[in-house]
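> Below you will find the structure I want to go over with you.
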Amino acid sequence: MWIKDVLRLWKATENKSALLRDAGEIWLRNFDSTEFSSWLGSALRRLSLWCAGVCLVLGAVELADRLWFDFSLHHRSIEPGEFQNWPNIFWAPFLHDPSEARHLWSNAIQLMMFGAVLLAWGWRELALTSIFGIVASGVAVLVFGRVGTHHMGASGITFAMFGYIIARGVVSRNPFFLAISVVTLLFLYRYPLVSLFPTDAKTSVEAHLGGLVGGIGAALSVWRR
């Protein structure tokens, strides 16, 4: 593996400062500023489009529910054991608790953060992971959720993204993707891991676990191809 070769070379070299200097000179000689600028511009456009899309969709649904539907859309939340209402699996991720604004904006921020990282693989992987997350978290709530509760929100999708990012880096064994997984685990891990063991009874553990499994499943399905 490429990383093992680098580590072996690092251990075998006595003059490590010279090794770093030579590596830097090689990188600078091969650096193409035009190509980098093009890549950076494309990445920023994708990121802007994704963040704008998240805000537009979640904001539009919330606004429409408040102004025109008198909060009736929230009746499309997932109710565990109510299998006849299974289509609500596809509605619930876009709905949020109207009595708690934090529910909406916290999910929006997490979607933008994890989605931005997942865009390193492209739009197809982002869409695939979102679909896996919606279905897996919805089914988990429907089958294993606490009877009498109502579940809504996009946290199942954010957990799917987190699971995909970590699993994709591990199974691909690609140094770049593995680095993305490690950075994500180091800097963005706090909310997903803490939310798996919540103290708030309103937190949907079933949706979180289901989304996490769905994201890992999405990563494995792409890797096997």
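Read-outs throughout are calculated quantities, based only on the coordinates presented, and are distinct from any laboratory measurement. What you are looking at is a predicted structure, and each value in this text was computed from that prediction instead of being measured. Using ideal geometry, Cβ is built from the backbone for each residue, glycine included, and neighbour counts are taken over all protein chains shown.
> Which pairs do you get when a residue that is assigned to a loop (DSSP other than H, G, I, E, B), found in region 78-102, comes within reach of a residue that is among the polar types (S, T, N, Q), reach meaning Cβ atoms under 7 angstrom, with the pair 6+ apart or on two chains?
Every condition considered, the pairs that remain are GLU79/ASN85; PRO80/THR149; LEU95/SER77; HIS96/ASN107.
> Continuing with this model, one more query. Mind checking which residues of region 144-172 are part of a helix (DSSP H, G or I) and of a type in the set (Gly, Ala, Ser)?
SER155, GLY156, ALA160, GLY163, ALA167, GLY169, SER172
> Going through ALA160, ALA127, ALA167 one at a time, which residue ends up being free of Cβ contacts under 8 Å to residues at least 60 places away in the same chain, of a type in the set (A, V, I, L, M) and surrounded by fewer than 17 Cβ atoms within 10 Å (Cβ to Cβ)?
It is ALA127.
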